[in-house]
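Please read the structure below before turning to the comments.
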Amino acid sequence: MKTALITGITGQDGSYLAELLLEKGYRVAGLVRRSSTVNFERISHFQDRVELVSGDLTDQHSLLAALHAVEPDEVYNLAAQSFVQTSWSQPLLTGDVTGLGVSRMLEAVRMFDPKVRFYQASSSEMFGKVQAVPQSEATPFYPRSPYGVAKVFGHWATVNARESYDLFAVSGILFNHESPRRGLEFVTRKVTHGAARIKLGLADELRLGNLDAQRDWGFAGDYVRAMWLMLQQDAPEDYVVATGVTHSVRDLVQAAFSCLQLDWEEFVVQDPRFMRPAEVDLLVGDASRARKELGWEPEVDFSRLVRMMVEADLERLSSGIS
């Protein structure tokens, strides 16, 4: 039986990855911070099947102690200050957790057992002001937020550890991936939750920022399969994971409101407060290498993803859960 340690297990990706690994017969442990704000909602339905260990990406000693406690074969580093908008108001925290935290975990792995396989959650936000369309593993990075800058640091720290210490360390450059478990601070969930609130008479408008920004949106449940596949290969390589199809925020809004038979233009208000200081206009990934070498394919398309999220929010709100 293989053992995996997941940082960020209580997040969207961590919860889907834990489910996948449990299905595959893994022993699964999750790293959680000692914090008054830890939310176990996403893993509550299988929490009794995973082990939780205390640790923090800002504390090297706690990471090494967690590795000794769990003795994993694979480490998936998904924890981060992961909200782009927050990174503008908390750039130092973002750099410490999302950037330096990767180096701390890599160093802990190297000290514990260099044979442990390591996955780093890189991000399409690293491409930022895109230098080529679509973006592939060879596209240069040009981050446009403190979050993107921190992710670039974490990405190159992973490459450096692989090349310097011969670690099996890989980065998945994942484009936007969403689900009903997405946090309310992310635009996809903000839209589906907002539309459901309007449908139920709980709100009469939805305030959003740039409707013209374009993203490559996939389903988180599909993307965690790619993470696992990367650590099963003979050699460590980095991969772009994306659908290859782009949609604007306006497309997202239209799709969500259409699911509820509502005209979005009657309810959506553009609000300058939600505009980024430096916008990333067009992200669309070329995942042909992942398809060819990993045999990975996304199964949930954009319209099904939006409908899945809208229906989950409608059900949640109807049962009194905000």
So, in the range 12-44, exactly how many residues are assigned to a loop (DSSP other than H, G, I, E, B), modelled with pLDDT under 95 and of a type outside the set (Phe, Trp, Tyr)? 8
Flag if Glu51 is in contact with a helix residue (DSSP H, G or I) (Cβ under 8 Å, 6 or more places away or on another chain), in contact (Cβ under 8 Å) with a residue 24 or more places away in the chain and surrounded by fewer than 16 Cβ atoms within 10 Å (Cβ to Cβ): yes
Take the residues of the range 69-85 that are under 27 Å from Glu125 (Cβ atoms) and among the small types (Gly, Ala, Ser): which is modelled with the highest pLDDT? Ala79
Go through the range 118-164 and count every residue that is open to solvent by 70 Å² or more (accessible area, probe 1.4 Å) and of a type in the set (Asp, Glu). 1
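Here's the yes/no breakdown for (1) within 16 Å of the chain's Cα centre (by Cα); (2) more than 22 Å from Val149 (Cβ to Cβ):
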{"residue": "Lys2", "(1), (2)": "no, yes"}
{"residue": "Leu5", "(1), (2)": "no, yes"}
{"residue": "Gly11", "(1), (2)": "yes, no"}
{"residue": "Leu17", "(1), (2)": "yes, yes"}
{"residue": "Lys24", "(1), (2)": "no, yes"}
{"residue": "Asp48", "(1), (2)": "no, yes"}
{"residue": "Asp56", "(1), (2)": "no, no"}
{"residue": "Leu64", "(1), (2)": "no, yes"}
{"residue": "Thr86", "(1), (2)": "yes, no"}
In the range 191-227, residues that are closer than 17 Å to Glu74 by Cβ and either of a type in the set (S, T, N, Q) or surrounded by fewer than 20 Cβ atoms within 10 Å (Cβ to Cβ) (or both) total 1
Of the conditions (1) more than 13 Å from the chain's Cα centre (by Cα); (2) over 30 Å from Ile321 (Cβ atoms); (3) of a type outside the set (S, T, N, Q), Ile173 fails just one. Which one is it? (1)
For the range 165-182, check the following and say yes or no: at least one residue is among the acidic types (Asp, Glu) and open to solvent by less than 10 Å² (accessible area, probe 1.4 Å). yes
Those residues that are hydrophobic (A, V, I, L, M, F, W, C), open to solvent by less than 40 Å² (accessible area, probe 1.4 Å) and at pLDDT 80 or above, I need them from the range 268-280; list them, please. Val268
Odd one out for Arg316 among (1) farther than 15 Å from Pro180 by Cα; (2) over 17 Å from the mean Cα position of the chain (by Cα); (3) open to solvent by 20 Å² or more (accessible area, probe 1.4 Å): (1)
So which residues in the range 236-262 are open to solvent by 50 Å² or more (accessible area, probe 1.4 Å) and either modelled with pLDDT under 95 or more than 20 Å from the chain's Cα centre (by Cα) (or both)? Arg250, Asp251, Gln254, Ser258, Gln261
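The values are calculated or read from the model by the stated rules, or taken from the named source; none is laboratory data. Computed from a predicted model, the values in this text were never measured in an experiment. All Cβ positions, glycine included, derive from the backbone under ideal geometry; neighbour counts span all protein chains shown. Surface accessibility is based on the protein's heavy atoms, side chains included, excluding ligands, DNA and RNA. Shrake-Rupley method; radii C 1.70, N 1.55, O 1.52, S 1.80 Å.
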